[in-house]
Amino acid sequence: MTVFLTGCGAYLPGEPLDNDEVARRLGDPLPGLRKRIMAANGIRTRHLALDENGTVTMLNEELAAEAVVAALKDRGLAIGEVGMLAAGTTQGDLLVPGFASMVHGRLDDAGPMEVLSSGGVCASSMAAFTAAARAIEAGDHDTAVIVGSELVSRSLRAREGSRNADTEFLRWTLSDGAAAVVLQNAPRPQGLSLRLDWTHLVSYAHERPVCMSAGGSPTAGDTWLDPVTPDVRLVQLRQEVAMLPDLFRTGVHEFAKLIREGKVSPSKVDHLLCHYSAERFRGDIVGLLKAANLMIDEDRWFTNLHTRGNTGAASIFVMLEEAWHAERFREGDRILLVVPESGRFSFAFAHLTCVTATQTGPEPAAVVVAEHKATAPAAHGQDGASTQRLVLDLAQVWEDFERRLRRAPIVRRIESGTASVEDYRRLLVHLRQQVVEGGRWISRAASNFSVELFDFRSAAIKHAADEHKDYRLLERDFVAVGGELSEIQHSHKNAGSEALSAFIFQQASLPDPVDLLGAMFIIEGLGNRLALGWARRLQEQLALRDDQVSFLRYHGEADEEHIGELNHLLTLVTAQHHERVVRTAQVVARLYALQLEEVN
């Protein structure tokens, strides 16, 4: 059964407050840090359920109930016509009972109904949305209302105790508010409805540590329930801001997977509503999409972050409600909702099409199959679609590579915060034996490109010049953390390094070794996407200076330029080399992972 979104409503408490008024109500013990965060997040006004004295004026459940009433009014329905209420929030007013039950109890004239409380962070409302849509698809209900709501300001007020950049980031980003949508098994009789084509929710908690949390740490004896005297700071939200670039990279990979599956095409998205917590992260997301050739034109993006702030679980519906009532949508428009959740890396997507009661269009599955056909590579060079296909194939290789990497013991310890200085020294020893040969194989590849492939030869020569002294950075780092220079210089390559070097030298010795772009995609990608994060984690865990992690930091920062050059070269790959590039990436990914697995 097809599902239609037929109404939207929102409730934002009080008047919009500028940043100075927000600071007065929350308290501002660190004004300098606040100003830097505000400059980066782009938020100009927010709504808080606090009065001038910082006293809480409403409950979260009240915000949610107001939004539900507004959505039903927009659709012209009474609460008694609703069969299911699904609610998502990060923190309800009470720990028990469930948030949806409390919202239900706030709705005047409501009758018996199914309720669902969705826990989590920003994607909890989308999880509630998906559950309600499936209930309608199954024929369990004709009408459901879904609400996302947050009242976070009460936990952001200045309190005694230590503060840092991570906690302050949340203080000057999060906002109060609620928004709701109505789902039905038929469109509105008049006007526009949004047909739900598909939803997609996925969690990466099996390979990612906690990024955003409240309630202590996930350790027996260290949760908010364990202290004899409760500590209010334990239930305050915390976020590892340094992990957010990884969140966006993972989200772009998930988006690429949806494109490969034929569920969405970037060129056919008319409106993108993407939740992000600060304007500076939009730049990160745009950069990643452009690098992967998956960009949706920015004039199709809609956000109200600047005037509403980050309302967490409510954010995606707050955006949708404003776009809906601003009449941005036209019949036939396609809308993509995207919500990355930092909690432990979850992602929610939904694709909708704007329809009328008389023109509901073909069934969603038929739309997807008809509109997204794979395009074969062009015979000479790549057109846009063919380049995208190559990038998508490489993105799939990267997903498998990163998953394998995270199973390597040395990587697990770095990312879980349990690495030792000895672990770091051992990593440098094993990397050095492969890095020292990097400039050599790139130079060999350059000498084997014919004049017809001048662009590839030129790029290889330039890259060899950039890379040939990298091992010296690595050696200096090793000595700076207590290692002996002779030890790292005379150590042997491990089994993975031997195999990796042998394979790459073999490929570099072939005529016109275009397939080495696949090797560069993996090696440069690791530097650009992972090295800087590893450097920061090692510095935090082991109190290391910048000059003790210079190799990792350099590659995390400098490989951005190399990735740009690589992306240009990928547009020049011909049909005859497409599969070779992908295959070489697969082999290099396996061997590089083996190299890190052998560190122990």
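The values are calculated or read from the model by the stated rules, or taken from the named source; none is laboratory data. The model shown is predicted, which means the values in this text are computed figures rather than measured ones. Using ideal geometry, Cβ is built from the backbone for each residue, glycine included, and neighbour counts are taken over all protein chains shown.
Residue-level check: of (1) on the phi < 0 side of the Ramachandran plot; (2) touching a residue at least 12 places away in the same chain (Cβ under 8 Å), Lys35 misses just (2). For the stretch 192-227, filtering for residues that are under 30 Å from Val411 (Cβ atoms) and either among the β-branched types (Val, Ile, Thr) or in the same structural domain as Gly417 (by TED's automatic domain parsing) (or both) leaves 4. Would it be correct to say that Ala67 is surrounded by 19 or more Cβ atoms within 10 Å (Cβ to Cβ) and in a helix (DSSP H, G or I)? For Ala67, the condition - surrounded by 19 or more Cβ atoms within 10 Å (Cβ to Cβ) and in a helix (DSSP H, G or I) - is met. One residue is enough: does the stretch 441-450 have a residue meeting the conditions more than 30 Å from Pro209 (Cα to Cα) and surrounded by fewer than 16 Cβ atoms within 10 Å (Cβ to Cβ)? Within the stretch 441-450 (the criterion being more than 30 Å from Pro209 (Cα to Cα) and surrounded by fewer than 16 Cβ atoms within 10 Å (Cβ to Cβ)), the answer is yes, since at least one residue qualifies. Within the stretch 467-488, the presence of at least one residue that is assigned by TED's automatic domain parsing to the domain that holds Ala419, among the polar types (S, T, N, Q), more than 26 Å from Asp393 (Cα to Cα) and surrounded by fewer than 15 Cβ atoms within 10 Å (Cβ to Cβ) is confirmed. Checked against the criteria, Asn567 does not count as free of Cβ contacts under 8 Å to residues at least 60 places away in the same chain, in a helix (DSSP H, G or I) and assigned by TED's automatic domain parsing to the domain that holds Gly438.
Considering the stretch 254-284 alone, what residues qualify as being within 24 Å of Trp198 (Cβ to Cβ) and assigned to a loop (DSSP other than H, G, I, E, B)? I'd like the intermediate steps shown before the answer.
Our first condition is that a residue be within 24 Å of Trp198 (Cβ to Cβ); within the stretch 254-284, this holds for 254-276.
Glu261, Gly262, Lys263, Val264, Ser265, Val269, Asp270, His275, Tyr276, listed by residue number.
Of note, Asp51 does not satisfy the criterion of being touching a residue at least 40 places away in the same chain (Cβ under 8 Å) and among the acidic types (Asp, Glu). Screening the stretch 288-330 for residues that are assigned to a helix (DSSP H, G or I) and polar (S, T, N, Q) and picking the one that is nearest to Leu72 (Cα to Cα) gives Ser315.
Right, Ala593: buried (at least 22 other Cβ atoms within 10 Å of the Cβ), in contact with a Lys or Arg (Cβ under 6 Å, 6 or more places away or on another chain) and not hydroxyl-bearing (Ser, Thr, Tyr) or not? So that I can check it myself, show each step before the final result.
Values: buried (at least 22 other Cβ atoms within 10 Å of the Cβ): yes; in contact with a Lys or Arg (Cβ under 6 Å, 6 or more places away or on another chain): yes; not hydroxyl-bearing (Ser, Thr, Tyr): yes.
It is true that Ala593 is buried (at least 22 other Cβ atoms within 10 Å of the Cβ), in contact with a Lys or Arg (Cβ under 6 Å, 6 or more places away or on another chain) and not hydroxyl-bearing (Ser, Thr, Tyr).
Inspection of the stretch 131-149 identifies at least one residue that is β-branched (Val, Ile, Thr), buried (at least 24 other Cβ atoms within 10 Å of the Cβ) and in contact with a Phe, Trp or Tyr (Cβ under 7 Å, 6 or more places away or on another chain).
Condition check ((1) assigned to a loop (DSSP other than H, G, I, E, B); (2) touching a Pro at 6+ places or on another chain (Cβ under 8 Å)) across all residues:
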{"position": "Val210", "(1), (2)": "yes, yes"}
{"position": "Val228", "(1), (2)": "yes, no"}
{"position": "Phe248", "(1), (2)": "no, yes"}
{"position": "Val252", "(1), (2)": "no, no"}
{"position": "Val286", "(1), (2)": "no, no"}
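Tell me which residues, restricted to the stretch 72-107, are free of Cβ contacts under 8 Å to residues at least 60 places away in the same chain, in contact with a helix residue (DSSP H, G or I) (Cβ under 9 Å, 6 or more places away or on another chain) and closer than 27 Å to Gln190 by Cα. Within the stretch 72-107, Ala78, Ile79, Leu107 qualify. With respect to the conditions (1) surrounded by fewer than 24 Cβ atoms within 10 Å (Cβ to Cβ); (2) more than 13 Å from Ala180 (Cβ to Cβ); (3) out of contact with any helix residue (DSSP H, G or I) (no Cβ under 7 Å at 6 or more places or on another chain), Thr45 lacks only one, and its number is (3).
Per the listing Ala379, Ala357, the residue uniquely more than 25 Å from Ala123 (Cβ to Cβ), surrounded by fewer than 16 Cβ atoms within 10 Å (Cβ to Cβ), modelled with pLDDT under 55 and outside the structural domain of His577 (by TED's automatic domain parsing) is Ala379.
With the condition kept exactly as written, say whether any residue in the stretch 187-203 is β-branched (Val, Ile, Thr) and modelled with pLDDT of 85 or more. Looking through the stretch 187-203, at least one residue is β-branched (Val, Ile, Thr) and modelled with pLDDT of 85 or more.
Name every residue in the stretch 489-506 that is touching a residue at least 60 places away in the same chain (Cβ under 8 Å) and surrounded by fewer than 22 Cβ atoms within 10 Å (Cβ to Cβ), in order of residue number. Matches in the stretch 489-506: Ser491, Lys493, Asn494, Ala495, Gly496, Ala499, Ser501, Phe503, Phe505.
I'd like the residue in the stretch 545-572 that is buried (at least 19 other Cβ atoms within 10 Å of the Cβ) and modelled with pLDDT of 85 or more and, out of all such residues, is farthest from Asp393 (Cα to Cα). Ranking the qualifying residues of the stretch 545-572, first place goes to Gln548.
Only one of (1) surrounded by fewer than 16 Cβ atoms within 10 Å (Cβ to Cβ); (2) not in a loop (DSSP other than H, G, I, E, B) is not met by Thr219, so which one is it? It fails just one condition, (2). What about Ala128, is it part of a helix (DSSP H, G or I) and either crowded, with 24+ Cβ neighbours inside 10 Å or of a type in the set (Lys, Arg) (or both)? In short, yes.
Contact annotation: residue pairs with Cβ atoms under 6 Å, 6 or more positions apart or on different chains, pairing a residue in the stretch 123-139 that is among the hydroxyl-bearing types (Ser, Thr, Tyr) with a partner that is buried (at least 21 other Cβ atoms within 10 Å of the Cβ) and outside any helix (DSSP H, G or I), are Ser124/Gly88; Ser124/Ser118; Ser125/Gly88; Ser125/Gly148. Hey, among the residues in the stretch 75-105 that are closer than 24 Å to Ala49 by Cα and part of a helix (DSSP H, G or I), which one's farthest from the chain's Cα centre (by Cα)? Top of the filtered list is Gly105.
Here the stretch 45-62 is the region considered, the condition is being in contact with an Asp or Glu (Cβ under 7 Å, 6 or more places away or on another chain) and of a type outside the set (Gly, Ala, Ser), and the residue that is farthest from His275 (Cα to Cα) is Thr57.
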